[in-house]
Structures are given as C-alpha cells and as structure tokens.
C-alpha cells in the first residue's frame, strides 16, 4: 500500500533522510521508531506530499505522490504531530471544509461528521470556535479530519501526544479496527510501549537510515538480542551508551 | 536572589532579531537592504525637502512667519502623540499579555518590576520606531533652517525621548485596566474596533472641516484673531507642546529648561505610577488573559448565502471560498479595517467634490478630464494599498495549516483561484465604485466614463494578481498578525512594481486620451483611429501580462513550498 523507493531528503548539505526503501503492505500497522531528529517526521511529511524528496519516490496504492498527487492523496489521511487548525472555524465547519477538499459534501458528510464528533466526544463542542479547544481536543479534531473521507491508509506522526488516556485507548482501538478491515497505518512514535503493543511491524530509523525493520521478533533475531524488551533493543540500536552516560550525569547532579 | 538584568530578560527578542538579520544577509539580503535604504532615503529626503522649503519661506514672512513653524511642530508632535497612544495600547496587549515568552517569564523568579520595565521597553520600541524615524527628517529640516548646529541633535533626542516614553506608559496602563475588565482576546477585538473607529473619525473630521481654509488668513475676521490663535499653545498640558516649546526655544536661542524638566519629570512620574499599577493589577490581568473568547457559532449565514451563490463551483473550491470569507469576518483585526476603508472612500470622494474645477469654461472641461484621467492612477494606488493589506498576506496566513492543504488532494490551482477571487471581487467593486462615482461627480463624458471603468477593471485584476504573487513569492509564515505581513520586503517590492504598472498604463493611455481631449476641447469630432487603438492595446497588454505572469509565478512557487 505504501512503498518508499530510495527516498532521500537533503537540507543543504545535511542529509535528513538517507536512501530509505520500505514497503508497508495493506492491512498492516507499521511503526517508525527513532530518536529525536532521526528523520521520522521528514519521511512522513514526504509520504503525505508536504515535502518533496530530493531523490527517490513515494507510492501510495501504486500512485506516485509527486507525479499523480491527487489520486494518491485521495487514499491518504494524514495526522501531523502539531495540531494547527484554523482558529476561527468551528469543529464542525473544519470537518466540513476538509471533506470538501476531498470532493465530498451533502448528507453523507453531515452524518460522518456527527459520527466522528460523537466518537471523539466533541459533539457538545462542534459549534465552538477551534480557538477555544484544548491541545488534546484539537488533536482529536485533526484525527477526525483524517478519517472523514474514509482513507485507505493513515500516516500519523506521534499519535498519542496530547491525548488523555481514554482518547489514547480509543485511538488504539480505531487503528486496530481500521487495519483489521484492510486499512494501512504508518505511524511514528517515541512511546515504545505503544509501538510494542500496537504495531505489527516496526522500522527503527537512526541518522536518516533504517537500521532495523520487521516484526519485533525479527528485529530481536537480526540483532541477536534474545528476549530483550523493545526499549533495550531501541537503546542498543540508537546509542544506548549515550543514554547510560546521560543517566550517570543526571544521577551525579542529584 | 540576584535578579537577571533587563538585557538578559529581553535576550530572546534581540537575539532573534539579530538572527533574522543574519539570515537575511545570508539569503542575499544586501540587495533588499540597498533597496530599503534607497526607498527610505527618498522618503526622508521628500519630507525634509517639503518642510525645508515651507520653513525657509516662513522665515522670510514678517510677523506671522516666526509663529507658524512652532505651531506646525506642535501640531505634528500632537498628532504623533495620538498615534503613539493608540499604537502602544494595541502593542501592549501583545507584549504584556499574549506574547509567547510570557509563560516562561511569568513562571520564572523574575520580579514584577523587572518584567514591567522589560515589557514596557519592548512595547515602546515596537510601537514607536516608525514615529521616531518620521521625526528625524522633520527635526532635521528645523535644525537646518534655524541653524541649530551639531548640538541640536542630542538636544532634540533629549526633548523627543520622554515624548515617546509617556504614550508607552499610558498605552500599557490603559491595556492593563482593559484586560482586567475583559478577557485579553476580547479586549484585542474591542481595541481594534475602537482604535480604527477613532482613527477613521479623526480623519473624517479633519477632512470635513477643510483645514486648507486655515491657510488663507483672509478667512479670519481680522489679522489679530489669527495671530492670537497662532501665538497660543495648542494643548498646554500635553507633552507634545512641551517638546515643541523646548525645541523651538533652542532653535531661537531662547533656551528655556522648564519644558524639558516638565517632560522628564512627568515621564519619570508616569513610569513610577505605571509600575505601581502593574504591580497591583498585572497578576490578575494575566490570569484573565488566559481566558478564551468563548463563542458559540452556527455559521449557517455564509453557507446559505455564499454557499448557495457558489453552488455551481466544484466542492473543494466552494468550501475554500466559504472558509476564507468566514475567517475574514470572524477575525476582528481583519474586518475592522473595513471601517478605515469606508472612511477612505468618503474622504476620497469628498476631495473630488470640493475641487475648484469649474471656475470657467472651457478650461474647466480640460481640467475635469485631466482629473478624471489622473484619478485612475490615484485610485489604482489606493487599490494597491488595499491589496497589500488584504490580498498580499493571503498565502502567508495559510502557513500553519499548509500541512492540511498539501496532504489533501486539493489542486494548487484551486487554492490560488480561491485566494485570487476572494480578494479580487471586493477590490473590483471598490475600484469601479471609486472611478464611477468620481467620474459622476466630475460629470465627465461617456467616453471618459467607459475608458475609466474599463481601465480600472483591468488594473484591479492585475493589481490583485501581483499582490497574491508577491505574497506567495515572499511569504511570512511565522507572522501571526496579518497587518504586519505587508510591511515586509515583499510588500515593498509589490508596491513598487504596482506603481510601475500604474505609470506604464497611465502613460500609454494618455497618448489616446490626450487626442480625445484635444479634439473635444477644440470642438472637432472625436475620431477613434489606429493611433488611439494602438495605445489602448498597449495598456490592455500591460494589464493582461501583469495578471497572467504573476499568477503563473505564484503557482510555480506554491508547488515548491516545503513545511
């Protein structure tokens, strides 16, 4: 469903994403893990068509995002990490606007808006301007907007940031059901427990490159990690030694 | 605990400003700097030149001559004081209550007095720099005409500085009280309307009383009344009058320290009072400022009106237009500018109506047509200023939401199309209204009326396209205040390009119009020949090119945006 071929992104001489190739099949919940600045967000934004790759290409359901952007993006729902929404629209108006961007209107959209607002417990807020929403409510609204046109795949950057435990649980269930019905989810996260509990497959990104990919068991096997937890595996692959040093420094400060 | 210095508290501000300068320089900003210096220098030279000539002339006039320059300076400084108070009230709301660094500063162990002085300095700087720059050529002209010498420079600074401090303190105090009464976001809305309403009212009043009549002493009952009026202070309790007295006293070699002492002691007393008020009210006001302006909106009006009128459009374009219109009318800082616009139109038409054109025929005919023709340039300039304020920021204002637009299947052409027409249609109505009503007031011939309306329509399409294109090529995604966006380099480049376009179209059309006016003036039949048609075609081609090329450039630029 999502295919990245030799994807590279340069910012001047800095290589943010370095020749990444990846295939996320239909019906899979795929997690991108990596330390801050590893290139996860850049990769996801290239998949969503917001950034243009310096090299390589992104295919969504066979359509190149930068060659056939309209048909590729019709399949996609994107949820960014920072919930910037038009402050002067109400929640319902925002969802109606997003549906319009996907060419949808009428009673079907109105029913879908009501359904999504109900699921995310925003019904009583639907006629309030977004400027009055909390960070978590904005995040819920953006998640609703990504689902409004019934996408085939969802690309989501740090899905749990700002959500209360109830909403986080709801989102996990929604993603699971979405994948079970044949949808595809590609998400980036720092929360290793979330990744371990939710993801069918993972890729660990470090310095713009994929350093490990597959199921958690595959990755353990590839790196001879025995029964190590995902956290230990992650630290081993992304600079655990530095973490230990940091812990010592912090310990010394107390 | 040792408190951080003021420089330290303001560090994020000045370091960010320095970094922006460095980035500008790194991205080839030298050209921009040179351009800014040239334009700024020309403006300064213009102000200096005009005032220099007036003052030099007045010095030679007996009796009245010595009185008028002081009066002019007093009036200039008085108007600056009003501008400064309004500007400080609005700026203080951002710097004291809405700025992003406040959470950090208020939660840090910085004492309230230090915070007050730091934020007051920030407010003063942001709201006064433009007025301070304007004062330079004005005082330079006074200094040169009255041979003030080198020492006049520090003396003038000494006289003007407290005049900037006082409105900053007053503005901040007014804001502080207002925020304690209303939520900050509601206060911002309220202030925008009050400020613009007041500004509009003052402009309207000033124009309607026809101050040009004051320039004619014969309008006064007798010379004595006039001299008495000039001799008395304009507003004896206002710092502008003290500053004016201090400066004029120095220039006439009659140094009186009282105005200077009054200025500085009042400024010091006001800062102390402002600090006391801040100490008493800031904590409560800051808490209130965190409250949102709760608004419950159904928003069906636009859906029923614009949505219905645009039902023939593809849904994405229609929703985009509805969204843009809603955002405009729900943002008080945006729609309230329409108050000024309405005042501008009234003043504009009033000016045309009071022109003394019809003192005698047939000269009147020539002047009427000349004014009607030149009005195209003036109306074009007005439209360019409005486009700079409303259309130029259109793409920049999408900045934070661009993730949504770029990840959705919205065609960039549709985005540009919506932005273009949402801005162009009201501009077109205004342009045609200005031209049509002006021509009707001037009672021009049908030829001039049709030519004027057609030219204005073509110019509006081109001006809007240029505003949108320059706004796309030089976007300001980080600026949240739409009113600040046109003050960038891109805004300046847009204005200069548009002025060039206006000049090109006016010069081309003049070839044709002159032939018409001359024929009509001499009583010959007007023949539309190939020469006239050629120049109409040149003007048309200029407008078409200035519409299509910028829009294409804007579309290409949009495709390259990365977020």
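The values are calculated or read from the model by the stated rules, or taken from the named source; none is laboratory data. On a predicted model such as this, the values are computed, not experimentally measured, just so you know. All Cβ positions, glycine included, derive from the backbone under ideal geometry; neighbour counts span all protein chains shown.
Tabulated data
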{"read-out": "Failed item in (1) in contact with a helix residue (DSSP H, G or I) (Cβ under 6 Å, 6 or more places away or on another chain); (2) surrounded by 17 or more Cβ atoms within 10 Å (Cβ to Cβ); (3) at pLDDT 80 or above, with residue B:330 passing the rest", "value": "(1)"}
{"read-out": "Selected residue (only one of B:82, B:96 is buried (at least 21 other Cβ atoms within 10 Å of the Cβ) and in contact (Cβ under 8 Å) with a residue 60 or more places away in the chain)", "value": "B:96"}
{"read-out": "Top-ranked residue of region A:101-120 - restricted to ones that are away from chain B (no Cβ under 12 Å) and in contact with a helix residue (DSSP H, G or I) (Cβ under 8 Å, 6 or more places away or on another chain), ranked as surrounded by the fewest Cβ atoms within 10 Å (Cβ to Cβ)", "value": "A:114"}
{"read-out": "Checking residue A:96 against (1) farther than 15 Å from residue B:406 by Cβ; (2) in a loop (DSSP other than H, G, I, E, B); (3) in contact with a helix residue (DSSP H, G or I) (Cβ under 9 Å, 6 or more places away or on another chain); (4) within 14 Å of another protein chain (Cβ to nearest Cβ), the condition it does not meet", "value": "(2)"}
{"read-out": "Within region A:27-51, considering residues that are touching a helix residue (DSSP H, G or I) at 6+ places or on another chain (Cβ under 8 Å) and within 14 Å of chain B (Cβ to nearest Cβ), the one surrounded by the most Cβ atoms within 10 Å (Cβ to Cβ)", "value": "A:48"}
{"read-out": "Given (1) within 14 Å of residue A:185 (Cα to Cα); (2) without any contact (Cβ under 8 Å) to a residue 24 or more places away in the chain; (3) crowded, with 18+ Cβ neighbours inside 10 Å, number of the condition residue A:24 does not satisfy", "value": "(2)"}
{"read-out": "Whichever residue in region A:52-74 is surrounded by fewer than 22 Cβ atoms within 10 Å (Cβ to Cβ) and in a loop (DSSP other than H, G, I, E, B) and, among such residues, is farthest from the other protein chains (Cβ to nearest Cβ)", "value": "A:62"}
{"read-out": "Residue within region B:245-260 that is away from every other protein chain (no Cβ under 14 Å), under 30 Å from residue A:104 (Cβ atoms) and either at pLDDT 85 or above or in a helix (DSSP H, G or I) (or both) present", "value": "no"}
{"read-out": "Test set (1) assigned to a helix (DSSP H, G or I); (2) more than 14 Å from chain A (Cβ to nearest Cβ); (3) within 26 Å of residue B:491 (Cβ to Cβ) - residue B:397 fails condition number", "value": "(2)"}
{"read-out": "The lone exception for residue A:81 - which of (1) in contact (Cβ under 8 Å) with a residue 60 or more places away in the chain; (2) at the interface with another protein chain (Cβ under 7 Å from one of its Cβ atoms) it fails", "value": "(2)"}
{"read-out": "Residues of region A:1-13 that turn out to be part of a strand (DSSP E or B), within 14 Å of chain B (Cβ to nearest Cβ) and more than 15 Å from residue A:155 (Cβ to Cβ), as a count", "value": "3"}
{"read-out": "Residue match in region B:78-96 (condition: in the same structural domain as residue B:242 (by TED's automatic domain parsing) and more than 30 Å from residue B:188 (Cβ to Cβ))", "value": "no"}
{"read-out": "Complete set of residues in region B:509-535 that are part of a loop (DSSP other than H, G, I, E, B) and farther than 12 Å from residue B:451 by Cβ", "value": "B:522, B:523, B:524, B:525, B:527, B:529"}
{"read-out": "Filtered residues of region A:10-21 (kept if without any contact (Cβ under 8 Å) to a residue 60 or more places away in the chain and either closer than 14 Å to residue A:188 by Cβ or touching a helix residue (DSSP H, G or I) at 6+ places or on another chain (Cβ under 9 Å) (or both))", "value": "A:11"}
{"read-out": "Flag for residue B:56 being modelled with pLDDT of 85 or more, in a helix (DSSP H, G or I), over 19 Å from residue B:134 (Cα atoms) and out of contact with any strand residue (DSSP E or B) (no Cβ under 8 Å at 6 or more places or on another chain)", "value": "yes"}
{"read-out": "Within region B:140-191, tally of residues that are assigned to a helix (DSSP H, G or I), within 14 Å of another protein chain (Cβ to nearest Cβ) and either more than 25 Å from the chain's Cα centre (by Cα) or surrounded by 21 or more Cβ atoms within 10 Å (Cβ to Cβ) (or both)", "value": "3"}
{"read-out": "Residue within region B:448-471 that is modelled with pLDDT of 85 or more, assigned to a helix (DSSP H, G or I) and more than 24 Å from residue B:539 (Cβ to Cβ) present", "value": "yes"}
{"read-out": "Residue B:75 vs. criteria modelled with pLDDT of 80 or more and within 30 Å of residue B:249 (Cα to Cα)", "value": "yes"}
{"read-out": "Count of region B:397-433 residues which are under 24 Å from the mean Cα position of the chain (by Cα) and at pLDDT below 90", "value": "3"}
{"read-out": "Any helices (runs of 4 or more DSSP H) falling wholly within region B:298-347 and containing at least 2 residues that are within 30 Å of the chain's Cα centre (by Cα) and within 9 Å of another protein chain (Cβ to nearest Cβ)", "value": "B:315-330"}
{"read-out": "Residue match in region A:228-245 (condition: modelled with pLDDT under 80, in a loop (DSSP other than H, G, I, E, B), more than 30 Å from residue A:58 (Cβ to Cβ) and not assigned by TED's automatic domain parsing to the domain that holds residue A:137)", "value": "yes"}
{"read-out": "Looking only at region A:84-93, and only at residues there that are at the interface with chain B (Cβ under 9 Å from one of its Cβ atoms) and in a helix (DSSP H, G or I), the one that is surrounded by the fewest Cβ atoms within 10 Å (Cβ to Cβ)", "value": "A:92"}
{"read-out": "Cβ pairs under 9 Å, 6+ apart, first in region A:104-123 and not assigned by TED's automatic domain parsing to the domain that holds residue A:177, second loosely packed, with under 14 Cβ neighbours inside 10 Å and at pLDDT below 90", "value": "A:121/A:166"}
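Each row is one residue, and each column tells you yes or no for (1) closer than 18 Å to residue B:337 by Cα; (2) part of a helix (DSSP H, G or I); (3) in contact with a helix residue (DSSP H, G or I) (Cβ under 6 Å, 6 or more places away or on another chain).
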| site | (1), (2), (3) |
| --- | --- |
| B:374 | no, yes, no |
| B:378 | no, yes, no |
| B:388 | yes, yes, yes |
| B:426 | yes, yes, no |
| B:438 | no, yes, yes |
| B:441 | no, yes, yes |
